[in-house]
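Structure, as structure tokens:
The values are calculated or read from the model by the stated rules, or taken from the named source; none is laboratory data. What you see is a predicted model, and the numbers here were worked out from it, not measured in a lab. So basically every Cβ, Gly included, is an ideal-geometry build from the backbone, and we count neighbours across all protein chains shown. SASA here: full protein model, heavy atoms, side chains in, ligands and nucleic acids out. Shrake-Rupley method; radii C 1.70, N 1.55, O 1.52, S 1.80 Å.
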Amino acid sequence: MLSRLPASSLQSLRLSANAHSSSLLTTTVRNVSRVRYVSSNSGASSGAKSFLDSRVTLASATLFAVGSVAWYTHLYGSLPFFGEVHANSPAEEGLHPQPYPWSHNGLFDSFDHASIRRGYQVYREVCAACHSLDRIAWRNLVGVSHTADEGKALAEEVEYEDGPNDQGEMFQRPGKLSDYMPPPYPNEEAARAGNGGALPPDLSLIVKARHGGPDYIFSLLTGYVDPPAGFEIREGMNYNPYFPGNAISMARVLFDGLVEYDDGTPATTSQMAKDVTTFLNWASEPEHDERKKAGLKAVILFSALTAISLYIKRFKWSVIKSRKIIYNPPADKTHH
Amino acid sequence: MSFANTFYNALVKRNSVYVTSIFAGAFAFGVSFDLGVSSFWDNWNKGKQWKDLRAKYVQDEE
């Protein structure tokens with residue numbers, strides 16, 4: 001569209017604007033309007049003229065204007081100079097969680113497995129009353145947070161239905177390492193009925209499934225406060241600034257000293273929230289430690305290979321780049 | 001050029017030796033690289049991994 005615009009389209013605009021302002025400008029403008037193409041102009045005044053009237057200037061000014069509006073829109077979420085009305089305040093979309101210094105944040109950092117073990121204890125004693133964890137089997141804990149014997153002992157505490165036996169009947173048996181963690185409710189309807197219509201989500205992948213990941217989970221667990229003045233909250237709901245909509249069915253569950261850690265760590269609210277978040281992060285990403293270790297190896301190997309191939313390229317090309325081509329005209333062999 | 005000559009005479013001259021040394025070298029590099037990265041990893045994450053905790057929870061080690 002810009003290319004169709006004649007180069008002099010700006011001139012006519014400026015001609016009317018500047019015609020009476022200064023005699024010097026008027027003469028230059030008259031000069032230019034006589035000459036069709038700016039590029040064929042010469043002289044000192046035509047330098048500024050051609051800059052102002054060139055298509056490149058027009059295109060780049062347009063690009064600048066569009067770009068700055070786009071940048072503003074991206075940054076602030078709305079067009080500049082246009083008022084907007086929202087039904088929700090930003091707070092009601094859910095407060096953004098603060099980034100926390102997780103012990104597994106860094107590129108080389110593994111999970112803190114002592115924290116995973118404590119977090120499992122918090123999950124088992126607190127969260128498991130309502131939340132299932134159906135993608136984690138007892139065997140997954142072995143070698144991560146528990147020994148094989150401990151894992152077997154944990155599994156045996158739970159009865160699983162198995163069968164059919166040779167009479168064709170189902171029977172109950174103690175759990176094995178290969179069994180998955182038992183759900184607190186037999187089905188979704190029972191879970192809703194037990195929680196005032198709200199379904200407690202399965203926690204197997206919850207850290208991956210929420211914006212903000214572990215920061216969000218930690219903030220949600222520790223973020224229960226009294227609702228601000230004027231905030232209407234329904235019976236059975238609780239106020240949490242980090243939850244979208246701010247009204248969450250889950251009440252605050254973590255209180256200081258709720259569980260007793262077997263390694264003697266003081267069970268404060270934030271400690272338990274941190275441990276259970278680390279545990280859930282492990283449940284979402286059980287491959288995490290191996291992945292980072294393999295990534296480290298891959299980065300080392302691939303950067304070494306890149307360096308070698310760059311060196312070989314320069315080595316092979318050095319002859320080509322430093323050669324000279326000399327043209328020796330053939331001697332004139334035609335004898336006149 | 002003595003190193004190059006030694007290298008050539010010791011490894012490259014016979015194809016059987018050359019191929020064997022490449023395979024052995026790849027194996028040795030694989031093992032040592034793995035060990036090197038693992039020791040860095042274990043050192044960096046000292047006290048955080050399960051193998052550092054396991055001794056506390058194992059009942060019978062006989």
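Name the single residue that is surrounded by the fewest Cβ atoms within 10 Å (Cβ to Cβ) among those in region A:255-290 being within 12 Å of chain B (Cβ to nearest Cβ) and free of Cβ contacts under 8 Å to residues at least 60 places away in the same chain.
The extreme case among them is A:Gly264.
Yes or no: A:Thr73 in a helix (DSSP H, G or I), surrounded by 11 or more Cβ atoms within 10 Å (Cβ to Cβ) and under 20 Å from the mean Cα position of the chain (by Cα)?
Taking the combined requirement at face value, the residue satisfies it.
It is to be established whether one or more residues within region A:147-161 are of a type in the set (Phe, Trp, Tyr) and touching a helix residue (DSSP H, G or I) at 6+ places or on another chain (Cβ under 6 Å).
No; the residues of region A:147-161 include none that is of a type in the set (Phe, Trp, Tyr) and touching a helix residue (DSSP H, G or I) at 6+ places or on another chain (Cβ under 6 Å).
Quick one: would you say A:Val253 is among the β-branched types (Val, Ile, Thr), within 18 Å of A:Ala128 (Cβ to Cβ) and either part of a loop (DSSP other than H, G, I, E, B) or touching a Ser or Thr at 6+ places or on another chain (Cβ under 7 Å) (or both)?
Yes.
Could you run through region A:289-336 and say how many residues are of a type in the set (Asp, Glu) and modelled with pLDDT under 95?
Residues flagged as of a type in the set (Asp, Glu) and modelled with pLDDT under 95 within region A:289-336 amount to 1.
Can you go through A:Gly230, A:Gly236 and tell me which one is open to solvent by less than 60 Å² (accessible area, probe 1.4 Å), at positive phi and not hydroxyl-bearing (Ser, Thr, Tyr)?
It is A:Gly236.
Tell me yes or no: at least one residue of region B:34-42 is touching a Gly at 6+ places or on another chain (Cβ under 9 Å), under 23 Å from A:Ser145 (Cα atoms) and open to solvent by 50 Å² or more (accessible area, probe 1.4 Å).
No.
Taking A:Arg252, is it open to solvent by 60 Å² or more (accessible area, probe 1.4 Å) and touching a Phe, Trp or Tyr at 6+ places or on another chain (Cβ under 8 Å)?
Against the criterion (open to solvent by 60 Å² or more (accessible area, probe 1.4 Å) and touching a Phe, Trp or Tyr at 6+ places or on another chain (Cβ under 8 Å)), A:Arg252 qualifies.
Pairs needed: first member in region A:156-179, assigned by TED's automatic domain parsing to the domain that holds A:Gly143; second member anywhere, among the small types (Gly, Ala, Ser) and in a loop (DSSP other than H, G, I, E, B); C-beta distance under 7 Å; at least 6 residues apart or different chains.
As it stands, the answer is A:Glu156/A:Gly175; A:Val158/A:Gly175; A:Tyr160/A:Gly175; A:Glu169/A:Gly163; A:Met170/A:Gly163; A:Phe171/A:Gly163, since those pairs meet every condition given.
Among (1) closer than 29 Å to A:Pro90 by Cβ; (2) open to solvent by 30 Å² or more (accessible area, probe 1.4 Å), there is one condition A:Leu310 misses while meeting the rest; what is its number?
(1)
For A:Ser219, indicate whether it is outside any loop (DSSP other than H, G, I, E, B), of a type in the set (Ser, Thr, Tyr) and open to solvent by 50 Å² or more (accessible area, probe 1.4 Å).
No, not satisfied.
I'm checking my understanding of the structure. Among residues of region B:43-62 that are polar (S, T, N, Q) and open to solvent by 40 Å² or more (accessible area, probe 1.4 Å), which one is nearest to the other protein chains (Cβ to nearest Cβ)?
Ranking the qualifying residues of region B:43-62, first place goes to B:Gln59.
Inspect all residues belonging to region B:14-37 and state whether any of them is of a type in the set (A, V, I, L, M), at the interface with chain A (Cβ under 10 Å from one of its Cβ atoms) and closer than 26 Å to A:Ala304 by Cα.
yes
Can you confirm whether A:Gly83 is more than 14 Å from chain B (Cβ to nearest Cβ), modelled with pLDDT under 95 and over 21 Å from the mean Cα position of the chain (by Cα)?
yes
Any residue in region A:200-218 that's touching a residue at least 60 places away in the same chain (Cβ under 8 Å): show its pairings with residues that are assigned to a loop (DSSP other than H, G, I, E, B) and among the basic types (Lys, Arg) at Cβ separation under 8 Å, as long as the two are six or more apart or on different chains.
A:Asp202/A:Arg135; A:Ser204/A:Arg135; A:Leu205/A:Arg135; A:Tyr216/A:Arg210; A:Ile217/A:Arg210
Given the structure, is A:Ala331 more than 28 Å from B:Tyr57 (Cα to Cα) and not in a helix (DSSP H, G or I)?
Considered against the rule, which asks whether it is more than 28 Å from B:Tyr57 (Cα to Cα) and not in a helix (DSSP H, G or I), A:Ala331 comes out as yes.
Please go through region A:88-104 and give me each residue that is assigned to a loop (DSSP other than H, G, I, E, B) and among the small types (Gly, Ala, Ser), ordered by number.
Passing the criteria: A:Ser89, A:Gly94, A:Ser103.
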